[in-house]
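The values are calculated or read from the model by the stated rules, or taken from the named source; none is laboratory data. Because the structure is predicted, anything quoted here is derived from the model rather than measured. With ideal geometry, Cβ positions are generated from the backbone for all residues, glycine too; neighbour counts draw on all protein chains shown.
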Amino acid sequence: MSGTRIGIIGGSGIYEIAGLEEARWQDVTSPWGAPSDQILTGRLDGVAMAFLPRHGRGHVHSPTSVPYRANIDALKRLGVTDIVSVSAVGSFREAMAPGDFVIVDQFIDRTFAREKSFFGTGCVAHVSVAHPTCPRLSEACETAARAEGIRVHRGGTYLAMEGPQFSTLAESKMYREAWGADVIGMTNMPEAKLAREAEICYASVAMVTDYDSWHPDHGAVDVAQIIATLMGNADRARGMVARLPALLGGTRAPCLHGCDRALDHAILTAPDRRDPGLLAKLDAVAGRVL
């Protein structure tokens, strides 16, 4: 058994939670560069929490420039055991309407300009992301969202695009009709892959803001409408997050799904061939097995 520490990655609006004790913004140094921002730490209902603004306060990072490796490494260094990603998405499904939340369980990664692994030349590792989110943590998010009166869809495929532009009509129709994606966003990859490499349970809560560009009655994405919907979603997301400590509890058993043991058989490079410089950078992410 170990202590639970919940990490929330998302917009700054969800961090203004009443009752957060010992709250302070702190710098966390990472060998993978600077995280997106300082990290707000504190305790809620006796459970340790860490809040990281994915784009930085003031939204200074584009989806491509978000320092994903530094963000996950910094949360790992703080002892985070469970990451809940909260992000805005477009919907490919009529039933997943603006204002709804989707508890994502699958991804299609179409990003191409981002570093996607902590490992590489000098220390090669392959982790499984067949099931990239943690069912236990996802269930807690669903329960918390429903308790807030949010309309929630459990399960869905998130198409991660590079951005920063939104989809063309042809792309939107292809992702929806041929590929079977349910929602589209720009930030959950490689975030989910890196969380798995860092052996941290990960859940994705996708907040629908629009119907992308496929919907014949809604046309192209309206940024003003997205922002208006996003503000309302942030209020409800804050309520959802506030319920998580009571659901997850302060003590934590090993993950039933093996998220916290993802590296058990992943590292292939022989010990005498491993690069000491890379190993030094992996001290937090892979220290358990190195």
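The table that follows gives values for the structure above.
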{"item": "Residues of the range 22-57 satisfying the condition of being of a type outside the set (D, E, K, R), in a loop (DSSP other than H, G, I, E, B) and farther than 14 Å from D73 by Cα", "result": "G46, H55, G56"}
{"item": "Pairs with Cβ under 7 Å, 6+ apart, first in the range 126-153 and in contact (Cβ under 8 Å) with a residue 12 or more places away in the chain and under 12 Å from R236 (Cα atoms), second part of a loop (DSSP other than H, G, I, E, B) and charged (D, E, K, R)", "result": "R151/D100"}
{"item": "Residue within the range 156-165 that is touching a helix residue (DSSP H, G or I) at 6+ places or on another chain (Cβ under 7 Å) and either crowded, with 24+ Cβ neighbours inside 10 Å or at pLDDT below 95 (or both) present", "result": "yes"}
{"item": "Criterion: assigned to a loop (DSSP other than H, G, I, E, B) and touching a strand residue (DSSP E or B) at 6+ places or on another chain (Cβ under 8 Å) - qualifying residue of F107, F166", "result": "F166"}
{"item": "Candidates G13, G19 - the one that is in a helix (DSSP H, G or I) and touching a helix residue (DSSP H, G or I) at 6+ places or on another chain (Cβ under 9 Å)", "result": "G13"}
{"item": "Residue among A144, A74, A113 that alone is among the hydrophobic types (A, V, I, L, M, F, W, C), outside any strand (DSSP E or B), crowded, with 23+ Cβ neighbours inside 10 Å and in contact with a Ser or Thr (Cβ under 8 Å, 6 or more places away or on another chain)", "result": "A74"}
{"item": "Residues of the range 8-23 satisfying the condition of being surrounded by fewer than 16 Cβ atoms within 10 Å (Cβ to Cβ) and either under 21 Å from A198 (Cα atoms) or out of contact with any Gly (no Cβ under 7 Å at 6 or more places or on another chain) (or both)", "result": "G13, E16, A18, G19"}
{"item": "V84 of a type outside the set (D, E) and farther than 17 Å from A195 by Cα", "result": "no"}
{"item": "Unique match (being part of a loop (DSSP other than H, G, I, E, B), within 21 Å of V289 (Cα to Cα) and within 15 Å of the chain's Cα centre (by Cα)) among V80, V127, V66", "result": "V80"}
